1. Can you tell me the dipole magnitude for the chain around its Cα centre, using point charges on the Cβ only (Lys, Arg +1; Asp, Glu -1), in Debye to the nearest 20?
2. With point charges of +1 on the Cβ of Lys and Arg and -1 on the Cβ of Asp and Glu, referenced to the Cα centre of the chain, which listed residue (Val64, Leu21, Gln51) lies farthest in the positive direction of the dipole?
3. When the chain is fully extended, how far beyond the present Cα-Cα distance does Asn3 get from Asp84, taking 0.36 nm per residue of separation?
4. Compute the distance in nm between two label points, each set 7 Å from the Cα along the Cα-to-Cβ direction, one at Asp29 and one at Ser43.
5. On the accessible surface of the chain, probed at 1.4 Å, how many percent belong to carbon and sulfur atoms?
6. In square angstrom, what is the accessible area per residue of the chain with a 1.4 angstrom probe?
7. Do any chymotrypsin sites (Phe, Trp or Tyr not before Pro) in the range 1-98 lie in a DSSP loop with no more than 12 other beta carbon atoms within 10 Å, and if so, which?
8. Which of the trypsin sites (Lys or Arg not before Pro) across the range 59-101 are loop residues per DSSP, with 14 or fewer other Cβ within 10 Å?
Amino acid sequence: MSNVVTKPKAKAKPKLERPKLHKVILVNDDFTPRDFVVMILKSEFRMTEEQAYKVMLTAHQRGVCVVAVFTKDVAETKATRATDAGRAKGYPLLFTTEPEE
């Protein structure tokens, strides 16, 4: 028998970084009806009537409002779908995304 000592191999754990988050932002316009904006917020972002109304009103008063924060792909998809829903009805409704700091 040989006296060979084997050391267990250390497994390198890869550093996992949390995905960067992006804000979905509602941009106010003077043409899209408030009720339509509330409907889009409820359907696309799963908000209650009260939450959607508060977000819509904040955007109306301040010009923009952060709707929600998601990973980049989810944020871009939701912003695009919500904007497209407004365009399909002929409204200039606009949702944008930007990285969260």
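The values are calculated or read from the model by the stated rules, or taken from the named source; none is laboratory data. All of these numbers come straight from a predicted model, not from anything done at the bench. Virtual Cβ from ideal backbone geometry, glycine too; neighbours counted across all protein chains shown. Note: accessible area is taken over every heavy atom of the protein model, side chains too, but ligands, DNA and RNA are not part of it. Shrake-Rupley method; radii C 1.70, N 1.55, O 1.52, S 1.80 Å.
1. Numbers: 18 positive and 13 negative charges, 180 e Å.
Magnitude of the dipole: close to 860 debye.
2. It is Leu21, whose Cα lies furthest towards the positive end.
3. 22.0 nm
4. 1.6
5. Details: 4220 of 7820 Å².
Of all accessible area on the chain, carbon and sulfur atoms account for 54 percent.
6. Values: 7820 Å² over 101 residues.
Normalised by residue count, the accessible surface of the chain is 77 Å².
7. On the way: sites: Phe31, Phe36, Phe45, Tyr53, Phe70, Phe95; in loops: Phe31.
The qualifying sites are Phe31.
8. Numbers: sites: Arg62, Lys72, Lys78, Arg81, Arg87, Lys89; in loops: Lys89.
Passing both the DSSP loop test and the Cβ count: Lys89.
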